[in-house]
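Inspection log for the structure reproduced underneath, given as structure tokens.
The values are calculated or read from the model by the stated rules, or taken from the named source; none is laboratory data. Here the structure is a predicted model, which means the values were calculated and not measured. Every residue, glycine as well, gets a Cβ built from its backbone with ideal geometry; the counts of neighbours run over all protein chains shown.
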Amino acid sequence: MSDFFPGISAICYAGPDSRDPMTFRHYDPDAVIEGRTMRSHLRFASAFWHTMRNDLSDPFGTGTAIMPWDDGSESLENAERRIAAFFEFLNKIGIDFYCFHDRDVAPQGNDIDETNRNLDHIVDVLQMHQDSSGKKLLWGTACLFAHPRYVHGAATSCSVDVFAHAASQVRRAIDATHKLGGAGYVFWGGREGYSSLINTDMAQERAQLARFLELAVDYKNRTGFPGRFYIEPKPMEPTTHQYDFDVAACLDFLREFDLLDEFMLNVETNHATLASHSMEHELSAAAAAGALGSIDANMGHEHLGWDTDHFPTDIYLTTRIMRIVLAVGGLGEGGLNFDAKRRRGSFEPEDLFHAHIAGMDAFARGLKIAAAIRADRRLDDALQARYASWEQEIGKRIMNGECTLEDLESHAKSIGEPKLASGREEMLESIFNDFLR
Ligand code: XUL
Ligand code: CO
């Protein structure tokens, strides 16, 4: 076995009193909560693009990450070494799943054929590592935003030739995901939006995007890819405006083009905050439509307006997320993918472990606290009580479509001024806080 992380052994659960930072204090994979193990509730994944390809550069400076396994070249040998290091990392951290973009794992060639050969070769390498480690692919995706040809977008490019290149790339990325037994495939519209409306035909571009997704669904059906398709909303960055702005915009788009049965959503915390929503809002909107599929687990910084992809360490956030996940009965084939990067100052290889331990422990605590809140029932009971009037005869008749405006006027006259109860917001927040001890 490779030893790219010498001196670091498998990270184990050591309990909340542990003072050893290379232990889990809360993530106990086999502990059972609400009848299922923590491991199966949380389905953690590590993102290849951040864990292995992010050198921690920023717009003001070069990369700082120490990556002894990476010689900086675009060779296949280097790609294989990164993968060996990645699987050693997954084994030691105890994460069961991973996610990748095609171009993260395999180098781009000089033409489509060479690029595809590289990807096929790397898929075999990934398969070998999956077989020997038992790790699984949560989802794959195509990088349709880094190459200069995608400067005006991929599916939404003004150039039909770019659309064709993007289609060919997605075809191969779906094949790679399929071959590796991926549970899902993500569409994140990295440049599917506009920089300025002065040169943009929005109706044309949205129709192109829908056509692109239809082509992918057609390919999925013909090739028998059994995984889920996800759309990952994001409002902006890199473009000024992205068509997949937020959960509501994505659902509206999918309904407009009759694609809602084919896609679920992969909701990311920092994308929610960029859209001026809380993660709770985005997850609730997706859950209400039965479309909450998977989560990109990270968080932004309250002082910074952009996608900083911090590791999620806020226990209020993870508790709120896990309350919704538990309420919908779990993520099914989805999972919690750490689409998160270390800060530029956390440049040593061991920081990859500290960062993931922090995120995993925060979610494990969130899961335990959310389960305790649910068992206590006070918050759920208060919610139910708040809408109790809708259980009355008149409420049922309204929702069944059995009332006219005239019927409702008669009802309003018969009862006089409605008697309202307090929303008790602060009391409920205080009860929530009692569980975060
Ligand atoms: C970018 C982002 C992507 C997607 C996959 O903000 O979140 O990494 O998760 O393309
Ligand atoms: Co993401």
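Data table
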read-out	value
Output for region 144-176, where each listed residue is crowded, with 22+ Cβ neighbours inside 10 Å and more than 30 Å from Leu197 (Cα to Cα)	Ala173, Ile174, Ala176
Number of positions in region 39-73 that are within 18 Å of the chain's Cα centre (by Cα), surrounded by fewer than 22 Cβ atoms within 10 Å (Cβ to Cβ) and β-branched (Val, Ile, Thr)	0
Candidate set from region 177-200 (those that are among the β-branched types (Val, Ile, Thr) and either more than 15 Å from ligand 1 (Cβ to nearest atom) or in a helix (DSSP H, G or I) (or both)); member that is surrounded by the most Cβ atoms within 10 Å (Cβ to Cβ)	Thr177
Residues (out of contact with any strand residue (DSSP E or B) (no Cβ under 9 Å at 6 or more places or on another chain) and either polar (S, T, N, Q) or part of a helix (DSSP H, G or I) (or both)) located in region 339-354	Ser346, Pro349, Glu350, Asp351, Phe353, His354
Hits in region 324-346 (condition: within 15 Å of ligand 2 (Cβ to nearest atom) and either under 30 Å from Asp58 (Cα atoms) or among the polar types (S, T, N, Q) (or both))	Gly335, Leu336, Asn337, Phe338, Asp339, Ala340, Lys341
Residue identified as in contact with a helix residue (DSSP H, G or I) (Cβ under 7 Å, 6 or more places away or on another chain) and either buried (at least 19 other Cβ atoms within 10 Å of the Cβ) or charged (D, E, K, R) (or both) among Gln242, Gln208	Gln208
Residues located in region 10-25, provided they are over 18 Å from Thr313 (Cβ atoms) and in contact with a Gly (Cβ under 7 Å, 6 or more places away or on another chain)	Ala10
Answer residue from region 254-277, given it is among the charged types (D, E, K, R) and more than 15 Å from ligand 2 (Cβ to nearest atom) and is nearest to Pro226 (Cα to Cα) among those	Glu262
Boolean, Gly305 is in contact with a Phe, Trp or Tyr (Cβ under 6 Å, 6 or more places away or on another chain), of a type in the set (Gly, Ala, Ser) and farther than 21 Å from Ile33 by Cβ	no
Number of the condition not met by Thr141 [criteria: (1) within 23 Å of the chain's Cα centre (by Cα); (2) surrounded by fewer than 19 Cβ atoms within 10 Å (Cβ to Cβ); (3) among the polar types (S, T, N, Q)]	(2)
Only listed residue being in contact with a Gly (Cβ under 9 Å, 6 or more places away or on another chain) and closer than 26 Å to Ile8 by Cα, chosen from Leu331, Leu336	Leu336
Count - residues of region 138-188 that are of a type in the set (Ser, Thr, Tyr) and on the phi > 0 side of the Ramachandran plot	0
Filter result (in contact (Cβ under 8 Å) with a residue 12 or more places away in the chain and more than 12 Å from Arg172 (Cβ to Cβ)) within region 110-131	His121, Val125, Leu126, Gln127, His129, Gln130
Members of region 231-249 found to be closer than 11 Å to Ala289 by Cα and within 15 Å of ligand 2 (Cβ to nearest atom), listed by number	Val247
Near pairs, Cβ below 9 angstrom, 6+ apart or cross-chain, from region 248-271 (closer than 20 Å to Gly332 by Cα and within 16 Å of ligand 1 (Cβ to nearest atom)) to any residue that is modelled with pLDDT under 95 and assigned to a loop (DSSP other than H, G, I, E, B)	Glu268/Asp307
Residue match in region 355-374 (condition: outside any strand (DSSP E or B), of a type in the set (D, E, K, R) and either without any contact (Cβ under 8 Å) to a residue 60 or more places away in the chain or more than 20 Å from Arg320 (Cα to Cα) (or both))	no
Whichever residue in region 297-309 is of a type in the set (A, V, I, L, M, F, W, C) and surrounded by fewer than 17 Cβ atoms within 10 Å (Cβ to Cβ) and, among such residues, is nearest to ligand 2 (Cβ to nearest atom)	Trp306
Total residues in region 257-296, condition buried (at least 21 other Cβ atoms within 10 Å of the Cβ) and among the polar types (S, T, N, Q)	5
Subset of region 201-225 (residues that are of a type outside the set (D, E, K, R), out of contact with any Gly (no Cβ under 9 Å at 6 or more places or on another chain) and in a loop (DSSP other than H, G, I, E, B))	Gly224
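Every residue, every condition in (1) surrounded by fewer than 19 Cβ atoms within 10 Å (Cβ to Cβ); (2) at pLDDT below 95; (3) within 16 Å of ligand 1 (Cβ to nearest atom), yes or no:
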| site | (1), (2), (3) |
| --- | --- |
| Phe311 | no, no, yes |
| Thr319 | no, no, no |
| Val325 | no, no, no |
| Gly329 | yes, no, no |
| Ser346 | yes, no, no |
